[in-house]
Amino acid sequence: MNYVQHALIGLTTAGVGFYLGAQVGPDPPGGTTMVVAAGLVVLGSVSPDIDHPQAWISRRLPHKILGKLLPPLLLVVGLAVGLSMAGGHSVESGLRRLWTEIPLVRWALAGIGFALGLMITARLVSKTVKHRGPLHSIVFSLGVTIAAVALAMWAGRDWRFWWWGACFGHGFLIHVLSDGLTRFGVPLWWPFSNKRVRLFGLPLY
């Protein structure tokens, strides 16, 4: 399966879950919150393939982020430094002002850092484990979900943000189960067994 199929499966299953939950639980969150949740589901849905250096999340996504953010960021930084020097100020003061007064610069730097982090992580992971190896297992999926939930609660400064982490974990787990439907299967029960499992015995691809 490619990244588009994984993202669609993750979003569809999450949408069904949200719908069923709304029938028996409280009202669903607002639109902005749901957009963030959908983005986390998609990100989780493509993340297990970071064990392949040529996967969309390992190569194409970082290149797209860098291609869109790096040129305008360099232009803005260059203008800020040039104006600062023209006004008789130091380069350091120009950069400090840029950092404190323009939030978009900080977000752009965060995006660039994220892209570079993806590329480095993919390179390291692909040299350590093979594609559809340990990352495509129940144990690893549960570990990622727990870590994502903890990170979401820490970042949100509120335990009620746990479900954002769960959205990422949902996408990750659904990716693993979806790959279990292919003829190659996945090592679902790693580290207890390296045997590849084909769910339901029905290889669809």
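Throughout, read-outs are computed from the coordinates displayed, never taken from laboratory work. Model, not experiment: these values are computed from the prediction. Ideal geometry is used to build each Cβ from the backbone, glycine not excepted, and the neighbour counts take in all protein chains shown.
Summary of computed values
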read-out: Highest-fluctuation residue, I112, I65, I102 considered, GNM on the chain with Cα pairs under 10 Å; value: I102
read-out: For the chain: relative contact order, % (alpha-carbon pairs under 8 angstrom, 6 or more apart); value: 25 percent
read-out: Helix 103-128 vs. the chain, principal-axis angle (Cα, 0 to 90°, nearest 10); value: 40 degrees
read-out: Globularity index of the stretch 53-129, i.e. its alpha-carbon radius of gyration over 2.2 N^0.38 Å; value: 1.40
read-out: Relative contact order, percent, the stretch 111-184 [alpha-carbon distance under 8 Å, six or more residues apart]; value: 26 percent
read-out: Average Cα contact separation per residue, the stretch 53-129, under 8 Å, 6 or more apart, as relative contact order %; value: 45 percent
read-out: Set of lysines with alpha-carbon distance to K130 below 21 Å, sequence-local pairs under 8 removed; value: K195
read-out: Relative packing of peptides 173-181, 30-38 - highest average C-beta neighbours within 10 Å first; value: 173-181, 30-38
read-out: Between 0 and 90°, nearest 10: helix 31-46 axis offset from the chain longest Cα axis; value: 70 degrees
